[in-house]
Amino acid sequence: MKRLFLTLSGALLLTTLLYGQGTEASDSLALRRQVEAENYKVLRQYAARPAVVAEKRVLRADFYLWYSHLGDRSWGPDRNWYPAETRKLYFARPTAAGDYDIVCSEPVDSALWSVPEPVCAEAVSPGNEIFPMLSPDGRRLYFASDGLFGAGGYDLYVATWDPERQVWGHVQNMGVPFNSPADDLLFCDTPDGRYSLMASNRACGKDSMVIYVLRQETPVFGPVSEREVAQVEKLAVTAPDNGYVFTRQSPGRQPLLGFEEPEEVFDYAFTTAGPGAFAENNSLPAGLVYQIQLFVSGSKPSVSQLKGISPVYVHPQRSGKKLCAAGLFRAYADAEQVLPAVRRKFPSAFIIAFDNGQPLALSKARKKESSVKVVTEEVRIVK
């Protein structure tokens, strides 16, 4: 098995993600703010009233180090937490587009993890999904996103594990007061079942975050008035409790983890506008198929000879020459439809047929195709 050694999210720059990734056009930014404002109106109609037992204001640059229950050196320079007690590894990973998605990997052996896969389709957005945190019982996955339905900035979300389907179920915005137009991040539960923690900059400057300690309980949401929700949103300490001790932890070293290398799957979709490619497997499927013959070469053909057509199959001839034919079509009409586009690159191209991998005269192939259709229609009528 090939191995691809990576750091989990080594390129993750927290300040970039939290402060923005570039200058947006003013009209796009205004539209986004308008949508977020409307979202927030909807979210504010119902709110929970969690008991806030403590809070601590810390620097934004390393606020995650003040989550004391996660343990010393739990966090690497890439701002991910690696829970040793869980069989699966959840982390934020950069995509080809430059944003971050929550992915999951499972152990293959003592030194190798499976190819990281997205947690679920609902947890993927055009924005960033970061700070995944698994609940101690493994039933809930908390994370922050700035691209899903939310009130603005980063919002907190939770996905629930579906034991029957063995997948993460519906992703839900955690609502008010857990979310606000500011950045709300890193929600997690303590293993002892006493507290939940979250961080927000709703009540401080841009260089800081306030970590709130909440009594761990299932939130009950209900309708609230404008005056009530304004008070609830403040997350003021209403039930002081010194049971959670804030201690700044030391960052650990960035681990080097081995992942299986994702296997590339050859695309057999016919195209005349690609870079051109030979089929990975030249074996023809059973039954009747049509192809478009491009040329016959006396030597090994090269990709440059394909003129952007893919996939191209190479059929060795008894003479030693190589017959190059493009595509796989079950119906003559399908091959005939793309033939003009092929002939713009190979003027002498024409359709050929095979039956169970053996060459078949085109007239016989079309007759056989027609008879098969008739039989199929008769059977359908009988049913």
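Laid out as a table, the results:
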| quantity | calculated |
| --- | --- |
| Qualifying residue in segment 155-175 (condition: among the small types (G, A, S), in a loop (DSSP other than H, G, I, E, B), surrounded by fewer than 23 Cβ atoms within 10 Å (Cβ to Cβ) and in contact (Cβ under 8 Å) with a residue 24 or more places away in the chain) | yes |
| Residue match in segment 203-226 (condition: assigned to a helix (DSSP H, G or I) and either among the small types (G, A, S) or more than 32 Å from the chain's Cα centre (by Cα) (or both)) | yes |
| Test: residue in segment 124-134 that is at negative phi, in the same structural domain as A48 (by TED's automatic domain parsing), in a loop (DSSP other than H, G, I, E, B) and in contact with a Lys or Arg (Cβ under 6 Å, 6 or more places away or on another chain) | no |
| Answer from L186, L197 - the residue that is at positive phi and not small (G, A, S) | L186 |
| Tabulated pairs, segment 227-242, first in contact (Cβ under 8 Å) with a residue 40 or more places away in the chain, second of a type in the set (D, E), C-beta under 8 angstrom, 6+ apart or interchain | L235/E55; V237/E55 |
| Hits in segment 185-229 (condition: acidic (D, E) and under 15 Å from Y67 (Cα atoms)) | D189, D192 |
| Of all residues making up segment 183-202, the number that are surrounded by fewer than 21 Cβ atoms within 10 Å (Cβ to Cβ) and in a loop (DSSP other than H, G, I, E, B) | 6 |
| Residues (assigned to a loop (DSSP other than H, G, I, E, B) and surrounded by 12 or more Cβ atoms within 10 Å (Cβ to Cβ)) located in segment 297-331 | P301, K307, G308, I309, P311, K321, R330, A331 |
| Unique residue being crowded, with 20+ Cβ neighbours inside 10 Å, within 19 Å of P50 (Cβ to Cβ), among the polar types (S, T, N, Q) and touching an Asp or Glu at 6+ places or on another chain (Cβ under 7 Å) when the list is S135, S180 | S180 |
| Residues satisfying the stated conditions in segment 50-70, i.e. more than 13 Å from V213 (Cα to Cα) and surrounded by fewer than 19 Cβ atoms within 10 Å (Cβ to Cβ) | V58, L59, A61, D62 |
| Scope segment 237-287; condition among the hydrophobic types (A, V, I, L, M, F, W, C) and under 30 Å from V115 (Cβ atoms); matching residues | L256, L257, F259, V265, F266, A269, F270, A273, A277, F278, A279 |
| Among (1) among the aliphatic types (A, V, I, L, M); (2) surrounded by fewer than 19 Cβ atoms within 10 Å (Cβ to Cβ); (3) touching an Asp or Glu at 6+ places or on another chain (Cβ under 9 Å) - the single one I351 does not satisfy | (2) |
| Whichever residue in segment 244-296 is closer than 15 Å to K307 by Cα and touching a residue at least 40 places away in the same chain (Cβ under 8 Å) and, among such residues, is surrounded by the fewest Cβ atoms within 10 Å (Cβ to Cβ) | F295 |
| Filter result (touching a residue at least 40 places away in the same chain (Cβ under 8 Å) and among the hydroxyl-bearing types (S, T, Y)) within segment 297-313 | S310 |
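The values are calculated or read from the model by the stated rules, or taken from the named source; none is laboratory data. None of these values were measured; they are calculated from a predicted model. Don't worry about glycine lacking a Cβ; one is built from the backbone with ideal geometry, like all the others, and counts go over all protein chains shown.
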